[in-house]
Amino acid sequence: MRAWLFQDSRQKKKLGEDKCPWSVGWIAPDGRRKSKRIGTKSRAEKYRRKKEGELAAGLCDSTQRVPWSDFVKEHEEKIKPAMKPRTWAARAQSLAEFQKTIKPARVDAIRTQTIDKFIAKRRAETSKLTGKKLSAATVNRDLRHLKATLRIAHDWGYLTDVPKFRMLKERQKIPRYVTPEDFASIYEACDAASRPAGKHFPPANWWRALVTFAYMTGWRIGEILALQKDDLDLAEGTALTRAEDNKGGRDDVAPLHPVVVDHLKAIIGFDSLVFAWDGPERALWSEFHAIQAEAKISPVYGFHDLRRAFATVNAENMTGDALQRLMRHKSYTTTQRYINMAGQVKRAVEALHVPDVLRHKSG
């Protein structure tokens, strides 16, 4: 493959042949014409020979220089249809945070240093909900979505190498779950809710139905909010969760406790969704936190703590297989992680054999 020297005709006319800088042009492996302004003719000739060597050895970078905004738009057009709505919403939010924090111009300009800069700035930010520094889990969520997106950019030829991602170490916390006592407090405090508004029932009914449904079915909050009225059979006491709305990726009919059915009857209206919400998802969390503030619960629970409570309080009363099916886990190992082992371990310790000499001492 050949590279050549040339002078830009407009610059040559403006500056004259002697002062006009020399450039090197070549045809990239992807067929696009490229050039680089060098300066003196001798330096340009040296660069030309180097470029011809790279072309012959197949070392030339064929990465397309695509604006970040164009790539994000193309990514949405091609990738969004294949993703679940909540997964795409999380992806879009993470990409928006990257855009706001880094303001990238081109995809091919993103390097490992860019990612490290993004991590540093995100770690310094505070949560609008809690007022505290963003958790490592929140930053890692953004990094996972960003890494997946940049892999696509690499596959499309927009990025030579996927940058290195230094995931933050997350503190392993003891899993929390909503205790029966705290559930009772939250249930009573639902009168403090002001949204959703404009329904034929008070907001408190909506929230009591939501927390009761979550606590007594173990459904994820996304599955609950996506539940269609047409997929609910109050007469039979069943609800259908669809593959596109749940993490398990399969349709499943779940039986509902009569208590859940009674709460649902109080909110069924003309909306196509059982739990139609009148604002952004962030507002849903804010309202849930406000209810817990009224109940004087601190630290506040998340919606997943209701799901974890379902597993914890019911684990001893049903088989592992039944619990796995109700929670729609693909792996039983995942189900085990949701079971609070503290009570079982405590009983195991209490049942340990104690030598007579120690019994005498302790007595």
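Of everything in segment 118-136 that's of a type in the set (Gly, Ala, Ser) and part of a loop (DSSP other than H, G, I, E, B), which residue is nearest to Ala293 (Cα to Cα)?
Just the residues of segment 118-136 that are of a type in the set (Gly, Ala, Ser), to begin with: 120, 124, 127, 131, 135-136.
When the remaining residues are screened for being part of a loop (DSSP other than H, G, I, E, B), the result is 127, 131, 135.
Details: Ser127: 17, Gly131: 15, Ser135: 21 Å.
Looking at residues that are of a type in the set (Gly, Ala, Ser) and part of a loop (DSSP other than H, G, I, E, B), I get Gly131.
Quick test for you: out of Ile224, Ile267, pick the one residue that is within 22 Å of the chain's Cα centre (by Cα), among the β-branched types (Val, Ile, Thr) and under 20 Å from Pro196 (Cβ atoms). Spell out the reasoning first.
Working: Ile267 fails: within 22 Å of the chain's Cα centre (by Cα).
That would be Ile224, the only listed residue that is within 22 Å of the chain's Cα centre (by Cα), among the β-branched types (Val, Ile, Thr) and under 20 Å from Pro196 (Cβ atoms).
Kindly evaluate Thr114 against the criterion of being farther than 26 Å from Leu225 by Cβ and in contact (Cβ under 8 Å) with a residue 24 or more places away in the chain. Outline the logic, then answer.
Details: farther than 26 Å from Leu225 by Cβ: yes; in contact (Cβ under 8 Å) with a residue 24 or more places away in the chain: yes.
So Thr114 passes the test.
What tally of residues in segment 108-120 results from selecting those that are surrounded by 15 or more Cβ atoms within 10 Å (Cβ to Cβ) and of a type in the set (A, V, I, L, M, F, W, C)?
Qualifying residue count, segment 108-120: 4.
Filter segment 1-14 down to residues that are part of a helix (DSSP H, G or I) and either polar (S, T, N, Q) or in contact with a Pro (Cβ under 8 Å, 6 or more places away or on another chain) (or both) and give me whichever is surrounded by the most Cβ atoms within 10 Å (Cβ to Cβ).
Of the residues in segment 1-14, the ones part of a helix (DSSP H, G or I) are 9-14.
Cutting the leftovers down to either polar (S, T, N, Q) or in contact with a Pro (Cβ under 8 Å, 6 or more places away or on another chain) (or both) gives us 9, 11.
Values: Ser9: 9, Gln11: 14.
Only one residue fits best here, namely Gln11.
Just the residues that are among the charged types (D, E, K, R) and within 17 Å of Arg195 (Cα to Cα), please, taken from segment 288-316. Write out each step before concluding.
In the first step, residues of segment 288-316 are kept if they are among the charged types (D, E, K, R); the result is 294, 296, 305, 307-308, 316.
Listed by number, the list holds a single entry, Glu294.
If the requirement is being basic (Lys, Arg) and in contact with an Asp or Glu (Cβ under 6 Å, 6 or more places away or on another chain), which of these qualifies: Arg171, Arg166, Arg195, Arg144?
Values: Arg171 fails: in contact with an Asp or Glu (Cβ under 6 Å, 6 or more places away or on another chain); Arg166 fails: in contact with an Asp or Glu (Cβ under 6 Å, 6 or more places away or on another chain); Arg144 fails: in contact with an Asp or Glu (Cβ under 6 Å, 6 or more places away or on another chain).
On inspection, the qualifying residue turns out to be Arg195.
Return the residue satisfying two criteria in turn: it lies in segment 222-236 and is out of contact with any strand residue (DSSP E or B) (no Cβ under 6 Å at 6 or more places or on another chain), among the hydrophobic types (A, V, I, L, M, F, W, C) and not in a loop (DSSP other than H, G, I, E, B), and of such residues it is surrounded by the most Cβ atoms within 10 Å (Cβ to Cβ).
So, considering only residues that are out of contact with any strand residue (DSSP E or B) (no Cβ under 6 Å at 6 or more places or on another chain), among the hydrophobic types (A, V, I, L, M, F, W, C) and not in a loop (DSSP other than H, G, I, E, B), the one surrounded by the most Cβ atoms within 10 Å (Cβ to Cβ) is Ile224.
Can you name the condition, by its number, that Lys132 falls short on among (1) under 30 Å from Met318 (Cα atoms); (2) surrounded by fewer than 14 Cβ atoms within 10 Å (Cβ to Cβ)?
Failed condition: (1).
Report every pair of residues separated by at least 6 positions or lying on different chains whose Cβ atoms are under 9 Å apart, first residue within segment 76-95 and more than 15 Å from Ala226 (Cα to Cα) and in contact (Cβ under 8 Å) with a residue 60 or more places away in the chain, second part of a helix (DSSP H, G or I) and not charged (D, E, K, R).
Ile79/Trp88; Ile79/Thr149; Ile79/Ile152
Quick test for you: out of Ala148, Ala226, Ala124, Ala136, pick the one residue that is among the hydrophobic types (A, V, I, L, M, F, W, C) and either closer than 17 Å to Lys265 by Cα or assigned by TED's automatic domain parsing to the domain that holds Met318 (or both). Please lay out each step first, then the result.
Working: Ala148 fails: either closer than 17 Å to Lys265 by Cα or assigned by TED's automatic domain parsing to the domain that holds Met318 (or both); Ala124 fails: either closer than 17 Å to Lys265 by Cα or assigned by TED's automatic domain parsing to the domain that holds Met318 (or both); Ala136 fails: either closer than 17 Å to Lys265 by Cα or assigned by TED's automatic domain parsing to the domain that holds Met318 (or both).
None of the other options fit; the residue is Ala226.
Are there any helices (runs of 4 or more DSSP H) wholly within segment 32-107 with 3 or more residues that are in contact with a Phe, Trp or Tyr (Cβ under 7 Å, 6 or more places away or on another chain) and exposed (fewer than 15 other Cβ atoms within 10 Å of the Cβ), and if so which?
On the way: elements: 41-57, 68-79, 85-102.
Once the helices (runs of 4 or more DSSP H) in segment 32-107 are filtered for at least 3 residues that are in contact with a Phe, Trp or Tyr (Cβ under 7 Å, 6 or more places away or on another chain) and exposed (fewer than 15 other Cβ atoms within 10 Å of the Cβ), nothing remains.
If you check Lys247 against the conditions, is it among the basic types (Lys, Arg), within 28 Å of Ser185 (Cβ to Cβ) and at pLDDT below 95?
no
Considering only residues that are among the polar types (S, T, N, Q) and part of a helix (DSSP H, G or I), which ones fall in segment 166-216? So that I can check it myself, show each step before the final result.
Within segment 166-216, the first condition is being among the polar types (S, T, N, Q), and the residues that meet it are 172, 179, 185, 194, 205, 212.
Within segment 166-216, Ser185, Asn205, Thr212 qualify.
The values are calculated or read from the model by the stated rules, or taken from the named source; none is laboratory data. All values reported here derive from a predicted model rather than from experimental measurement. Cβ atoms come from the backbone with ideal geometry, glycine included; neighbour counts cover every protein chain shown.
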